[in-house]
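Peer 1: Submitted below is the structure of interest, expressed as structure tokens.
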Amino acid sequence: MTAQPINGKAIAAEFRQELARKIADFPSEDMPVLAVILVGDDEASKIYVRNKQKAASEVGIGCEVMEFSSSIGEQALLNVIDELNANHHINGIIVQLPLPQHLDTLKILSRISPIKDVDGFSPYNAGLLAYNSPDAFISATPKGILHLLLSTGVELSGKHAVIIGRSNIVGKPTANLLLNQNCTVSITHSKTQDLSTIVKTADIIVAACGQARMIKGDWIKQGAIVIDVGINRVEGKLCGDVDFEGALATASFITPVPGGVGPMTVAMLLANTFQAFCRQQTEPKHCSCGHHNCHCQG
Ligand code: GUN
């Protein structure tokens with residue numbers, strides 16, 4: 001058996017085209033607008049933000065990037081978020097991660113109004129996902145992973161999904177998302193004992209551990225679907241967390257790196273921004289901060 005590559009680049013391109021059509025057809029004078037907060041000089045973050053900005057403009061979403069020095073104080077950043085929450089021209093707000101050490105990431109992300117939290121990183125939206133609520137904004141990478149899995153046409157219900165990595169932005173939300181699809185989910189991480197034995201039982205593998213080619217070909221069960229979230233640079237070349245060549249022999253489907261999960265992340269962020277925009281056309285504006293049940297009296 002040779003695994004079929006899942007062409008995330010093509011699937012994302014088609015998705016973005018469809019989204020551009022929906023945005024163009026939406027009966028409103030206004031266009032959806034995403035605000036991106038970028039703190040510091042992380043080169044990878046700068047590239048990701050540039051990609052988001054370019055992709056947004058291509059589908060008809062405005063994107064306002066706000067750049068701040070790595071020395072910005074926590075209160076100053078919270079004030080920026082408060083202003084964006086209250087600004088009715090802004091539909092989605094994201095804070096590019098990672099943030100500099102001195103900033104409390106949870107505190108910053110918690111400040112984003114849940115109805116504008118298009119990355120789905122706030123505890124409120126993470127909680128809604130855990131409840132399998134249709135109101136949740138689902139984080140872009142997990143949402144892209146689910147889209148790629150569904151594109152295979154394979155029934156997900158009852159399958160054993162093994163996730164390698166427990167981050168707040170990929171591992172944990174992906175686990176909840178696949179649980180909501182009735183998968184049996186195992187989350188593994190750097191302290192997991194005998195990882196290969198667990199991975200060998202997986203029908204679906206989601207590799208998000210950030211270690212180049214850590215998941216070996218002979219760990220992969222015959223017919224398993226492999227989703228590789230890793231982006232590692234080895235000797236100048238990009239590679240994933242899975243030994244791609246080794247996995248080809250046994251997997252049924254596999255995402256390449258690059259051209260697999262990466263392009264889906266940006267497409268899903270744009271979809272969430274349009275979703276936020278649509279919701280904000282109909283939802284009453286409770287108060288200027290946008291929180292449900294809040295006490296700001298704005
Ligand atoms: N850093 C790495 N991935 C992401 C992402 O999906 N969103 C944001 N805001 N920061 C990230």
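Peer 1: With charges only on Cβ, +1 for K and R and -1 for D and E, what is the dipole size of the chain about its Cα centre, in debye, rounded to 20?
Peer 2: 460
Peer 1: Output the DSSP H helices from the chain with an along-axis C-alpha extent of no less than 27 Å and a mean Kyte-Doolittle hydropathy no less than -1.0.
Peer 2: Once both thresholds are applied, what remains is 261-282.
Peer 1: Can you check what the Kirkwood hydrodynamic radius comes to for segment 106-166, Cα pairs only, in Å to one decimal?
Peer 2: About 13.0 Å for segment 106-166.
Peer 1: Can you pull the semi-axes for segment 1-135, root of five times each eigenvalue of the Cα gyration tensor, sorted largest first, whole Å?
Peer 2: 27, 20, 17
Peer 1: Moving on. Which percent, nearest 5, of DSSP beta bridges in the chain are antiparallel?
Peer 2: 10
Peer 1: For segment 41-85 and segment 235-270, what is the centre-to-centre distance using only Cα atoms, to the nearest Å?
Peer 2: Segment 41-85 and segment 235-270 have Cα centres spaced 26 Å from each other.
Peer 1: Considering all projection directions equally, how large on average is the shadow of the alpha-carbon convex hull of segment 172-228, in square nanometres?
Peer 2: The orientation-averaged projected area of the Cα hull of segment 172-228 comes to 4.0 nm².
Peer 1: Here's a follow-up. Using Cβ contacts closer than 10 Å as the measure, can you line up Val234, Val229, Val49 from fewest to most?
Peer 2: With the fewest neighbours first, Val234, Val229, Val49 line up as Val234, Val49, Val229.
Peer 1: Got a sec? How would Ile254, Ile198, Ile37 order by Cβ neighbour count within 10 Å, fewest to most?
Peer 2: The most exposed by this proxy come first: Ile198, Ile37, Ile254.
Peer 1: Okay, next question. Which order results if Thr192, Thr174 are arranged by neighbouring Cβ count within 10 Å, fewest first?
Peer 2: Thr192, Thr174
Peer 1: Restricting to Cα pairs below 8 Å that are 6+ residues apart, what does the relative contact order work out to for the chain? Please round to a whole percent.
Peer 2: 22
Peer 1: While we're on this one: May I ask you to list the residues of segment 202-238 whose amide nitrogen lies under 12 Å from a point 7 Å from Cα along the Cα→beta-carbon direction of Ser190?
Peer 2: Under cut-off, by backbone N: 209-211.
Peer 1: For Val95, what residues show an amide H to amide H distance below 5 Å, using hydrogens built from the backbone and excluding near sequence neighbours?
Peer 2: Ile37
Peer 1: A follow-up question, please. Apply the Karplus curve 6.51 cos²θ - 1.76 cosθ + 1.60, θ = phi - 60°, to the phi angles in segment 95-112 and return the couplings in whole Hz, x for Gly and Pro.
Peer 2: Karplus values, whole Hz, x for Gly and Pro: 10, 5, 9, x, 8, x, 3, 6, 9, 7, 4, 4, 5, 5, 5, 5, 6, 5.
Peer 1: Show me, for segment 201-217, the HN-Hα J-couplings you get by feeding each phi into the Karplus relation (A = 6.51, B = -1.76, C = 1.60, θ = phi - 60°), rounded to Hz, glycine and proline as x.
Peer 2: 9, 7, 7, 10, 10, 10, 9, 9, 10, x, 10, 4, 6, 6, 8, 7, x
Peer 1: Return a whole-number percent for the relative contact order of segment 149-264, with Cα pairs under 8 Å and 6 or more residues apart as the contact set.
Peer 2: Relative contact order, segment 149-264: 22 percent.
Peer 1: Once fully extended, how much extra length lies between Thr201 and Glu155, figured as 0.36 nm per residue of separation less the alpha-carbon to alpha-carbon distance?
Peer 2: 14.9 nm
Peer 1: I need the semi-axes of the equivalent ellipsoid of the chain: take the C-alpha gyration tensor, multiply each eigenvalue by 5, square-root it, list largest first in whole angstrom.
Peer 2: Its equivalent ellipsoid spans semi-axes of 33, 20, 19 Å.
Peer 1: Same structure, new question: Find the relative contact order for segment 196-282 and round it to a whole percent, using C-alpha pairs within less than 8 Å whose residues are 6+ positions apart.
Peer 2: Relative contact order of segment 196-282: 26 percent.
Peer 1: Divide by every residue of the chain the summed helix terms, -39500 (n - 2.57) for each DSSP H run of at least 4, and state the resulting mean residue ellipticity at 222 nm, rounded to the nearest 500 deg cm²/dmol.
Peer 2: -12000 deg cm²/dmol
Only the coordinates and a few stated rules stand behind these numbers; no lab work does. A quick note: this is a predicted structure, and the numbers were derived from the prediction, not measured. Using ideal geometry, Cβ is built from the backbone for each residue, glycine included, and neighbour counts are taken over all protein chains shown.
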